[in-house]
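Input: a single structure, listed below in structure tokens.
The values are calculated or read from the model by the stated rules, or taken from the named source; none is laboratory data. Remember, predicted model here, so these are calculated numbers, not experimental data. Because the Cβ atoms are built from the backbone with ideal geometry, glycine has one as well, and the counts that use them run over all protein chains shown. Note: accessible area is taken over every heavy atom of the protein model, side chains too, but ligands, DNA and RNA are not part of it. Shrake-Rupley method; radii C 1.70, N 1.55, O 1.52, S 1.80 Å.
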Amino acid sequence: MTYLMICEALIRLIHTRISFELISFTLAIRFVSLTLFIAGQSRQCTPHSHKNQVLLPLITCAYWSIPATFWSRMATDLNYVEIEARCLQELQQLKIEEENLIMELNSMVNQKTFIEDKIKGLSFLIPKLNVMKNEAEDLVSTVNDISQSSEKISGKIRQLDTARSHVDECLLRVNDLIDLEICSQGVQQAILDLDYEKGAAHVHRFLSMDQSLLKRTANDMNSVSNMLKSVRTLQEAAAQLRAIVEHRFNEAVNNEDLVSIERFFKIFPLLGMHEEGIKEFCTYLRTKVAITAEKNLKSAINLPLADKRYSIVYADTLTLLFEGLARVIDTHQPLLETYYGPGRLLSAVVILQKECDSQIKRILLEWSKSRQIQKKLQQITDLSRMSSSASFSKIEKSDPKDLDILIGEITLMHFRCELYIKFVQRKIMADVEVGIADKELKEKTLKQLDQTILNSVLSQCKHELLSHYLQLEQYFMEESVAKAINMDILETSQQTSSMVDDTFFIIKKCIRRSISTGSLDGICVTINNACRVLENDYCSVLKARLRQGYPSGYLDLSQAYNVLQNSIQGRLQTGDTEQSRTAFIVALNNADSSTEYVTALCDNIMKEIETSCPNMNLNERGKLESCLSGISAVSASLTAIIEYGGQQLKSTAVKPRINPWVDTFMNFSHQLTEDELSAYEAGESFVQTLIMNLETLLSSFKEILSSNNYDHFLQVLTAEVTQRFEKVIMKSQFNRLGGLVLDKEVRSLAGYITSGTYFSVRDQFARLTQIATILNFDQIDEINDYWGNFDGAITWRLTPSEIKSVLNLRVDFKSDEIKRLRL
Amino acid sequence: MDDYKFLFKVVLVGNAGVGKTCLVRRFTQGLFPPGQGATIGVDFMIKTVEVGNEKVKLQIWDTAGQERFRSITQSYYRSAHALILVYDISCQPTFDCLPDWLREIEEYASSKVLRVLVGNKIDREDREIPTHVGEEFAERHNMYFLETSAKESDNVERLFMQIAEDLMKQARMTNVPRYDSNSQNINDSSGQESSCCNRLT
Ligand SMILES: Nc1nc2c(ncn2[C@@H]2O[C@H](COP(=O)(O)OP(=O)(O)OP(=O)(O)O)[C@@H](O)[C@H]2O)c(=O)[nH]1
Ligand SMILES: [Mg+2]
């Protein structure tokens, strides 16, 4: 093989290169000799002669492919010696290659026998393989046989199964057939005997059979006619029974034959007439409800005005209607459940609801007529339009007191509606829970319940009632509060006037009444309205009274106040200081007392709502809390009003009096000798006079101000006194004894004020006390006992430079020593 | 728990069926409720949003449009910080009722309340109120204006976020005057002093 490849390569070379005439002589010679050599080699080594036959023409071809021009050029152009040397060199190289090739060939020849042995060994295996092949084929055929037979067996089993189910079906059919026979025979007799229960039971049995199965049985049987006859009989009997039962039921209804009504009501479901039965029966119940309701309404309309229950007679009528319906549902539900199965209450209630709707409509119509609702509502809207444009006092106003009773009735009516709806929801939900297993159907039924209630006239009436209620309640609240403010009166020995108690009584009453409607929306709206009335109508009055200011003077409170109230319509007389002072103080007290009312109101409402609506969800609670937060806003308004009043008092009642009293301090000498000191202490000292004056001022307020307001007033006063005192001290000069006296005086002043209040006024006195302490020093350096970073050092309210200025007030302290102090 | 800085009450009003509930649900729950029943009374929902790193709690009151609930819904106007008045761009009567609504707002709401006019349902093909008509109405009555689609969630987020931002800006502004009044006091007292000096000279 290698020879052949080499030769082919040579031929390719010869044809490409040589044809371009670029080859040198040496190369040409080398080709020839190489070819010759290969030819020789192959002749030597290969035993097969056919290779020589291939090589020979190659060699000739190699020779002849060198063009003649080369041979001639070779002869002429080149030096022979050189050529010979080259040829020898080439030859040498070829010899080496030859040896290599020989070695390779030898090793191949050596392997030949070994391989031949192997092949021989393999040929021995062939017969064994044949045996194996035959055996495997046998095995395959066996396995096939087995699979085929098992196929057959399982087919048999399958057949057996079908057979058994056939047998079962057969048994069923036979049973059905037997029953069919019995039923068809029995049903006619039962009808003839008027034993409708028995007849219906036969039909029920017939209906429970698989009708398609019956049809097939008929096709399979020889005696078709017999069976078909039975089926026909039963079908006819069923139709007959249905007609009879329906007829007899109606007859019973007409005859008011309760026993028969119940009897046939129970037969309906046996005939597969569940919905019809419920419809017929509930329609009957409707008529019963209607009759009672009409009677009740008539007696309500005819109720004499003097009757105790006249004012709530329509609420009573409504209650009777709902109670009647609830009783109907309660008593018939077990019957329905027993004979019709659970899960069918909604169908019944839907029919009853129609009666409820038409009755409630009539009741509300009569009620509205009798109570003149539309007229009253119209009046209210007219009034609100008027008051916003101009004050037409000519318009006839409903007295809130008259409305009170009506509002009470509406509340009751609304609550009854709410209660009945809850009752129906609870009943049906429980029924659905037990009776309907399918989740989707359950959801659908509950949705239907929601829709039924939402679209009922009952719901619409309920919304209307709530709307009426809210309009009237709002009017009632506004008018009553306005009245309370107008008729405000101060009882002797009272700090607050009647408007506070009255207003909060009204507000509380309205909100409580809204709670009794059972509607969270109603509660929220009433709270909103209460906030508006309190802020707009109530707080504004208090603020207006405080804005008038507080003129100084002395007074007998209750008398002056009532005079003021009487003259309020005829404008305040100017200069009537007593009255305006009282008005101011009472307004301030009213505001204070109102804050307490508001806080209590918030707490109470929350508690009451929680007991009356225990199942509020998170959203409802959020809604309620948001509305209640409006009440806290009222609290904030009141606090601002009190603050405003305090400022008013300060500028008119405190400052103008306090300042001259404190300023007398500067009339005294504070550089005393021992003798002067004893004389001063024996006489009327500054602080005694000041305390006496303060006492008179405070006592005049202590009785008339509420305790919170008095504390507030005292704080305002204390701040004023201490600031002023500090100012005059800083304008005075002291010696040692003067300082001593001042220290005593500051202490007794602080003591006096502290004794009058629960509040600690020590804080307000801190600066003053510290100033007195400094002025009471023996030596300048005593300051080091107090100033510094050690236990017992006091918290200074004075800055170092302030301390130094205070020290400078002591005439006996040297100013350069003070300057040198390191603080 | 509740670490919000501002709480604003937003009240939606407008005729029945204009899509108030759908707008609120789209904003608070990110969905368009199928088979939405009419609102009874008033619904209450809360969403906390963030405006410039500040948490703002929006209390949204979704009122019923039906007439018989008017006495309930009116009572919520007073405490509202913002009122959204909604009409349906595919239903002329809902637009014609706007003046009535404005009268109610005028009567019951605070004068400072932020008022926004919203034309809803712009996804519908059968538009009856052109945008510019709504725009002009809003301008005439000094209201913001926006057209939305609760169904396609167009402009819904923007509506409420814009309101939150505006209310916050407003709240900050009302805080500022307090400082102003303080500084005014200082100015006043200095004024008095100077007048004293004037008298002396
Ligand atoms: N195409 C379209 N329909 C909408 C859009 N918003 C609401 N609707 C539909 O309008 C109907 C009324 O939507 P609601 O959100 O219940 O209307 P509402 O204003 O809350 O009505 P009331 O509660 O009765 O006052 C529903 O059938 C919604 O599917 C909207 O953006 N595009
Ligand atoms: Mg709605």
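Key figures
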item: Degrees, to the nearest 10: A:520-532 long Cα axis against longest axis of chain A; result: 50
item: A:Ser493 accessible area, 1.4 Å probe, all protein chains in place, Å² to nearest 10; result: 110
item: Heavy atoms of A:Val174 accessible to a 1.4 Å probe, total area in Å² rounded to 10; result: 70
item: The protein assembly as shown - share of DSSP beta bridges that are antiparallel (%, nearest 5); result: 30
item: Crossing angle, helix A:498-515 versus chain A [Cα axis fit, 0-90 degrees, rounded to tens]; result: 30
item: Label-point separation, A:Lys444 to B:Phe6 (7 Å along Cα→Cβ), nm; result: 5.0
item: Candidate aspartates and glutamates - alpha carbon under 12 Å from B:Lys55, same-chain residues fewer than 8 apart omitted; result: B:Asp2, B:Asp3, B:Glu165
item: Protein-only accessible surface order, largest first, of A:Lys444, A:Lys650, A:Lys422 at 1.4 Å; result: A:Lys444, A:Lys422, A:Lys650
item: Cα centroid separation, region A:614-692 to region A:466-513 (Å); result: 31
item: Top positive-direction residue, dipole computed over region A:668-819 with Cβ charges, set A:Gln733, A:Ser707, A:Gly683; result: A:Ser707
item: A:Leu677-A:Thr577 FRET efficiency (beta carbon distance; Förster radius 41 Å; 0.05 resolution); result: 0.45
item: Nitroxide proxy distance, nm - points 7 Å out along Cα→Cβ at A:Glu782 and A:Gln715; result: 3.4
item: Signed unit charges on C-beta, dipole axis of region A:487-654, positive-most listed residue A:Val533, A:Leu601, A:Gly518; result: A:Val533
item: Accessible-area ranking of A:Phe114, B:Phe95, largest first, probe 1.4 Å; result: A:Phe114, B:Phe95
item: Of A:Lys279/B:Lys20; B:Lys9/B:Lys121; A:Lys198/A:Lys295; A:Lys288/A:Lys375; A:Lys375/A:Lys447, those spanning more than 29 Å from alpha-carbon to alpha-carbon; result: A:Lys279/B:Lys20; A:Lys198/A:Lys295; A:Lys288/A:Lys375; A:Lys375/A:Lys447
item: Farthest toward positive dipole pole in chain A [+1 Lys/Arg, -1 Asp/Glu at C-beta], among A:Thr577, A:Leu821, A:Leu749; result: A:Thr577
item: Cα long-axis angle, helix A:762-775 against chain A (0 to 90 degrees, to the nearest 10); result: 70
item: Percent antiparallel among DSSP beta bridges (both partners in region B:6-174, rounded to 5); result: 35
item: Among the listed pairs A:Lys509/A:Lys607; A:Lys543/B:Lys5; A:Lys444/B:Lys151, those beyond 20 Å (Cα-Cα); result: A:Lys543/B:Lys5; A:Lys444/B:Lys151
item: Distance from region A:271-341 to region B:1-56 (C-alpha centre basis), Å; result: 42
item: Förster radius 51 Å - calculated FRET efficiency between B:Glu125 and A:Asp168 (Cβ-Cβ, nearest 0.05); result: 0.25
item: Selected from B:Ala64, B:Ala38, B:Ala109 as most flexible by GNM, with chain B as the system and alpha-carbon contacts under 10 Å; result: B:Ala38
item: Length released on extending from A:Gln494 to A:Leu139, taking residue separation times 0.36 nm less the Cα-Cα span; result: 115.6 nm
item: Residue mean of other protein chain beta carbons inside 10 Å, B:78-88; result: 1
item: Residues A:Val811 and A:Asn604, FRET efficiency given R0 of 60 Å [Cβ-Cβ distance, rounded to 0.05]; result: 0.40
item: Length gained when the stretch A:Glu726-A:Ser208 is fully extended (0.36 nm per residue, less Cα-Cα span); result: 175.7 nm
item: Shape call, region A:668-819: gyration tensor on alpha carbons, a/c limit 1.5; result: oblate
item: Within the protein assembly as shown: Cβ-based charge dipole about Cα centre, in debye rounded to nearest 20 (Lys, Arg +1; Asp, Glu -1); result: 1320
item: Prolate/oblate/rounded label for region B:36-174 (Cα gyration tensor, a/c 1.5); result: rounded
item: List B:Thr63, A:Thr769, ordered by accessible area with a 1.4 Å probe, largest first; result: A:Thr769, B:Thr63
item: Relative contact order (%) - criterion: Cα under 8 Å, at least six apart; region: chain A; result: 6
item: A:Leu129-A:Asn486 pseudo-label distance in nm [points 7 Å out on the Cα-to-Cβ vector]; result: 12.8
item: P(r) histogram, all alpha-carbon pairs of the protein assembly as shown included - 20 Å bins from 0, percent; result: 9, 21, 20, 15, 10, 10, 11, 5, 0
item: Formal net charge of residues neighbouring A:Trp787 (Cβ-Cβ distance under 11 Å; K, R +1; D, E -1); result: -2
item: Dipole in debye (nearest 20) - region A:487-654, about Cα centre, beta carbon charges: Lys, Arg +1; Asp, Glu -1; result: 300
